[in-house]
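Each remark here refers to the structure printed beneath this line.
The values are calculated or read from the model by the stated rules, or taken from the named source; none is laboratory data. Computed from a prediction, not measured in an experiment: that's the story for all the values here. No Cβ is skipped: glycine too gets one built from the backbone with ideal geometry, and neighbour counts run over all protein chains shown.
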Amino acid sequence: MDSLLKHWFQRADQLWRYTIVPIYKQSAIYQDDDANDSVADQLRAAMQYLENQLESGLNDITLEAWVSEFIKDVDKWSYNGLKVQMGPQPIDPISSDRFLRQYTQSKIAENVSRITTLHDQYAQQVESTVFNGVTKGQGTGEIAKEIAKIDNVTSAHAHLIARDQTGSILGQINAHRQQEAGADYYIWQSMEDARVRDLHQLLDQSLQRYGNPAGGDNGMVPGEPIQCRCVALPVFADQLHEYQAQGLI
């Protein structure tokens, strides 16, 4: 995500510095009406160029490849993590099946759309900031600071999306793999720190059954709620007697 954002921000900065600023500074120098008209025409053309370049700055093929790699990494993390959790179980977790293929493809499409929307919003905000700044006669330094603020807000939003999608995708993939491996139950494991929401503190270390609409967080598995960092620890058939003895099943 950082490399993607860096590309957006550098592109906007270069377009501002090398396309708009030189012409904008000329408009403050010339007093002659004809010269001013000429500079104004150049500035309008430069603004149109800025708009076109920012809005066309997202390569769909590159973006889809990046999102695919991101989801592939989450999938691999899920597979390797479950292998460790399963320990001496006699079967290996599935690496792929129809559900996983369809789910990951749907998530690729969903996240390409999310990032495209974020990019378009960023481009529009930069365009609006530059246009308004130039129209009001703001200094170039002041406009540059406004663009930097947009960069920071966009970066924070992008990282929030990345964290949320990592947890959500991991939660769904883990749930499917664990059930396919024979785990109908799981332990809700929170991060056990001050950032854990109240409900998830209550759910921490509780035994939950997959597919129970009244279980978990309103039927959602760990990682699925927004910004959830919790994980599901699988409980296999040969472990259930411990929980039966405690009256939890």
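Are any residues in the range 192-229 of a type in the set (A, V, I, L, M, F, W, C) and either outside any loop (DSSP other than H, G, I, E, B) or free of Cβ contacts under 8 Å to residues at least 60 places away in the same chain (or both), and if so, which ones?
194, 196, 199, 202, 203, 207, 214, 220, 221 - these are the residues of the range 192-229 that are of a type in the set (A, V, I, L, M, F, W, C) and either outside any loop (DSSP other than H, G, I, E, B) or free of Cβ contacts under 8 Å to residues at least 60 places away in the same chain (or both).
Just wondering, is there one or more residues in the range 51-60 that are within 21 Å of residue 233 (Cβ to Cβ) and acidic (Asp, Glu)?
no
Which members of the range 183-202 meet the condition of being within 23 Å of residue 245 (Cβ to Cβ) and buried (at least 20 other Cβ atoms within 10 Å of the Cβ)?
183, 185, 186, 188, listed by residue number.
If you scan the range 131-160, which residues turn out to be outside any helix (DSSP H, G or I) and modelled with pLDDT of 90 or more?
From the range 131-160, those outside any helix (DSSP H, G or I) are 137-139; that's our starting set.
Within the range 131-160, 139 is the sole residue that qualifies.
Of the residues 128, 95, 106, which single one is in a loop (DSSP other than H, G, I, E, B), in the same structural domain as residue 18 (by TED's automatic domain parsing) and of a type in the set (Ser, Thr, Tyr)?
Criteria check complete, one pass: 95.
Among all residue pairs at least 6 apart or on different chains, which show Cβ distances below 6 Å where the first residue, located in the range 5-24, is crowded, with 18+ Cβ neighbours inside 10 Å and the second is among the acidic types (Asp, Glu) and in a helix (DSSP H, G or I)?
So the pair list comes out as 9/151.
Which of the helices (runs of 4 or more DSSP H) found entirely inside the range 1-77 contain at least 1 residues meeting this: at pLDDT below 85, closer than 24 Å to residue 127 by Cβ and of a type in the set (Gly, Ala, Ser)?
Numbers: elements: 2-15, 21-27, 33-55.
The helices (runs of 4 or more DSSP H) meeting that bar are 21-27, 33-55.
Any idea which of 208, 165, 189 is among the polar types (S, T, N, Q), within 25 Å of residue 83 (Cα to Cα) and out of contact with any strand residue (DSSP E or B) (no Cβ under 6 Å at 6 or more places or on another chain)?
Answer to the selection: 165.
Answer yes or no as to whether residue 107 is free of Cβ contacts under 8 Å to residues at least 12 places away in the same chain and either surrounded by 11 or more Cβ atoms within 10 Å (Cβ to Cβ) or in contact with an Asp or Glu (Cβ under 7 Å, 6 or more places away or on another chain) (or both).
For residue 107, the condition - free of Cβ contacts under 8 Å to residues at least 12 places away in the same chain and either surrounded by 11 or more Cβ atoms within 10 Å (Cβ to Cβ) or in contact with an Asp or Glu (Cβ under 7 Å, 6 or more places away or on another chain) (or both) - is not met.
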